[in-house]
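Written below as structure tokens is the structure these notes are about.
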Ligand code: DX5
Ligand code: ZN
């Protein structure tokens, strides 16, 4: 099975979101970064904008919540029609309960892990999730450098996933480009967020296809 590319609209033109989402028909899902100025030192967009985007695209919406109270807010994004919601384990009060709630609503649940957070304490929880999201930058901003020091964690997470015998996706987010994607593929990731690499390209959709081809090598 090939890899998936989920462009992040954090690097799109916020005054032209409609145009910039239409510019990436090859996307496997649209990655939407929700930040609250508390969990991370940046403020982006929230529920009303996600609801507006939902009306304008048939693409799957991959919501990445970087907020302090996901237990309260994640279900609202499922309700708004998102196919997948990622919340951070560092912020969730009851990650298993929240994952089950999202899945009961027909939404995929994903567990977000910041760079300084180890995966091992959550090994027994992985089966509750459809996807694990390993941050390869400190969350908060697009355009940062890929942290290759996260690759051992990606490898260990892939091993833990294998051990579950379940189909759980492994997404990396931050600094993914044609220069770095091979490193993350080799470590076992299969879903790739790319913000600045896609929207900084002359042809964003061609960049998505070029990134995806790295998975065929
Ligand atoms: C960072 C966000 C990322 C960001 C990635 O906190 O979670 O999704 O948009 O941007 P690039 O690909 O530019 O690192
Ligand atoms: Zn993200």
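Structural remarks
- Filtered residue count, the range 162-181, keeping only those that are closer than 24 Å to residue 12 by Cα and more than 16 Å from ligand 2 (Cβ to nearest atom): 2
- Of the numbered criteria (1) away from ligand 1 (no atom under 11 Å from the Cβ); (2) farther than 13 Å from residue 198 by Cβ, the one residue 40 fails is (1).
- Answer residue from the range 104-122, given it is over 17 Å from the mean Cα position of the chain (by Cα) and surrounded by fewer than 16 Cβ atoms within 10 Å (Cβ to Cβ) and is nearest to residue 152 (Cα to Cα) among those: 118
- Among the residues making up the range 114-137, those that are within 12 Å of ligand 2 (Cβ to nearest atom) and in contact with a helix residue (DSSP H, G or I) (Cβ under 8 Å, 6 or more places away or on another chain) are 134, 135, 136.
Every read-out reported here was derived from the displayed coordinates using simple, explicitly stated rules and does not represent laboratory data. Quick caveat: nothing in here was measured; it's all calculated off a predicted structure. Positions of Cβ are backbone-derived with ideal geometry, glycine not excepted, and every protein chain shown enters the neighbour counts.
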